[in-house]
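The values are calculated or read from the model by the stated rules, or taken from the named source; none is laboratory data. Keep in mind the model is a prediction, meaning the values are calculated, not measured. Positions of Cβ are generated from backbone atoms using ideal geometry, with glycine treated the same way; all protein chains shown enter the neighbour counts. Heads up: the accessible areas ignore ligands, DNA and RNA and are worked out on the full protein's heavy atoms, side chains in. Shrake-Rupley method; radii C 1.70, N 1.55, O 1.52, S 1.80 Å.
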Amino acid sequence: MVKTIISVDPKKLPWQQETPLHNRWHPDIPPVASVKEGEVFRVECVDWTGGQIKNDDNSDDVKNVDLSQVHYLSGPITVEGAEPGDLLKVEFLNLGTLDGDEWGFTGSFAKENGGGFLTDHFPCASKACWDLEGIYCSSRHIPGVRFAGLIHPGLIGTAPSAELLKLWNEREATLVAEEGTDKEKTLCGCLHTRPLACLPEAKGAMLGKLGHFKDKQEDSEWLAIANEAARTVPGRENGGNCDIKNLSRGCKVYFPVFCPGALLSMGDMHFSQGDGEVSFCGAIEMSGFLELKCSIIKGGMKMLPVVGPSPLSVNPIFEIGPLEPRYSEWLVFEGVSVDEKGVQHYLDATIAYKRAVLNCIKYLSQFGYTEEQVYLMLSCIPCEGRISGIVDVPNAVATLAIPLAIFDQDVRPPKTLEALAAGVKVVQNVCMSTEGGAVPFDPRL
C-alpha cells in the first residue's frame, strides 16, 4: 500500500488542514514531510483556490475570487540526499480525484480581477462545473460535450535558493515598472491581463509551518519572509506553474535542485486542460492526489542548458508518459500574427495563437454554443496548440486542433448552410456575471 505523506480534507479551510499548506515560493518555508530516494509516496492536494469556488450555478465566486491566496500547494517535501546542483527525477505513477470530491470547474476571471488571454473579448467572469466519472467528464453548463481527461498537476516544482528568488523578484519588478512607459513591451497593448506580473505580497500569504497571514500580520519575522516570497503564478526555473497537460501517469520530470533536500511542492490539480489554458482559470480545476517516486542524479543540474545571465538560468526537462486520450479526427484552426485591428506584427506567436483561438470560437459558435462556452471549452478540452511557422516573415503561424469526437454533433463544415441551420440546437449558457464591480473577497477569512 502506498504511503500517504500529505493528506487533505477538501471540506476544511486551507489553513485548517492537518498538514500545513503554502502558497508562496521561499527557501525558508520549512518542509512538512520527508521521503527517501526510491520511496513511493502519495500526496493529496486541495484545489488551487483553496475551496473558494463552489459547485453551483452562479459565477460570482469566480468574479470575486481572492487571487492573493493562490496557489495552495502541498509541500515542501524533503528528498533525503538531494543537494544544490543535483537533478531530481520525479516519476508520476498514478494521479486521480479524491473520494467524495469528484467534480471540477472551469472559469474566466473578470477584467478587473485577473482577466485572461482574451480579456478584451470576454471581460465578464464566467464558470462551468463538471461532473467527473472515472476517466470521463461532462458539464451541465456546456451540454453536448463529453471527453476523457488527462489528470495532471498544473504546478509542481522545487524551492528556489535565496539567489534565485532575488533574480525572480528583480526581473519581474522591472517588467511591472515598465507599464505605461516607453519601455513597455509591445504585446501589452494587445493582451489585457493585468497586472503584468504578481510581485511579492504579504496579504493572502500562507507559509506552511510558519503560518497564515490571517494570524501573522503583526509578526515581523513572518512579514520579512512574506514580503519577499515569490508568488506561484508563473512557471520559472524551478518548474512551478507551467500548466503542462502531459505531466500525467508515466511521465518523468527532471527538476533542478537549488536547496538542500530539493523541497518539492505541488498542487493546482487538473482533470483536463487544453493547450494554453486560455481562460486563465481554464483547466478543469479539482482537488486530487499524486503517487510519485523520486531519485537523485548527483551533480546532474550541469546537464541542463544554461540560457541566460546566471548559472541558475535553467529549466526542467521531462519525458511524456504513454497514456493519453486518443483521437483520430481533428478540425484545425490557423492564426497569423495580424491582430484584430488588422495591425501587422513581426513573427509574434502569441498574436498568432490568439487569432487561432478567436477563429475557433467564432466558428464553433455557429453550432449552437455561445462564445463564452467555447472560450471555456478551449481551456479544458484535449485540444492541441502548435507553433507551426516561426521563420516566414512577417507572420508567425499558430494552429489549434479540436478533436471532433468530443461533440454529440458533427461540427465540420456542412455541404450547405441550410443543412447547418437545420442541425443547430441552442444550448444553455455557462454561468455569467455582470461586467464591472469585481471585489476580491473571501468571506471565510
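A compact table of results
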item: Peptide ranges 310-319, 123-132 listed from the most packed, as the mean C-beta count within 10 angstrom indicates; result: 123-132, 310-319
item: Karplus 3J(HN,Hα) series, Hz, for the stretch 299-310 with 6.51 cos²θ - 1.76 cosθ + 1.60 (x for Gly, Pro); result: x, x, 4, 5, 6, 7, x, 8, 10, x, x, 10
item: The stretch 3-319: C-alpha gyration tensor shape, a/c 1.5 cut-off, then a/b vs b/c; result: rounded
item: Charge context of residue 153, other residues only, Cβ under 10 angstrom, K/R +1, D/E -1; result: -2
item: Helix axis angle, 349-364 relative to the chain longest principal axis, alpha carbon, degrees; result: 50
item: With Cα atoms, 0 to 90° folded angle of helix 162-178 axis to the chain main axis; result: 40
item: Most to least packed among 374-383, 168-177 [average Cβ atoms within 10 Å]; result: 374-383, 168-177
item: Per residue value of the accessible surface for the chain (all protein chains in place, 1.4 Å probe), Å²; result: 42
item: Relative packing of peptides 355-363, 53-61 - highest average C-beta neighbours within 10 Å first; result: 355-363, 53-61
item: Overall form of the stretch 1-113 per C-alpha gyration tensor (a/c, 1.5; a/b vs b/c); result: prolate
item: Solvent-accessible ranking of 166, 293, largest area first, probe 1.4 Å; result: 166, 293
item: The stretch 320-420, accessible surface, carbon-and-sulfur percent (1.4 angstrom probe); result: 55
item: Count of lysine pairs in the stretch 304-438 with Cα separation under 22 Å (8 or more residues apart, or interchain); result: 6
item: Carbon/sulfur fraction of accessible area - the stretch 3-319, other protein chains in place, 1.4 Å, %; result: 52
item: Angle between the chain longest axis and helix 371-380 axis [Cα atoms, degrees, rounded to 10]; result: 40
item: Alpha-carbon centroid distance for the pair the stretch 55-123 / the stretch 251-286, whole angstrom; result: 8
item: Descending principal axes extents, the stretch 330-433, alpha-carbon based, whole Å; result: 42, 37, 27
item: Accessible heavy-atom area order of 353, 327, highest first, probe of 1.4 Å; result: 327, 353
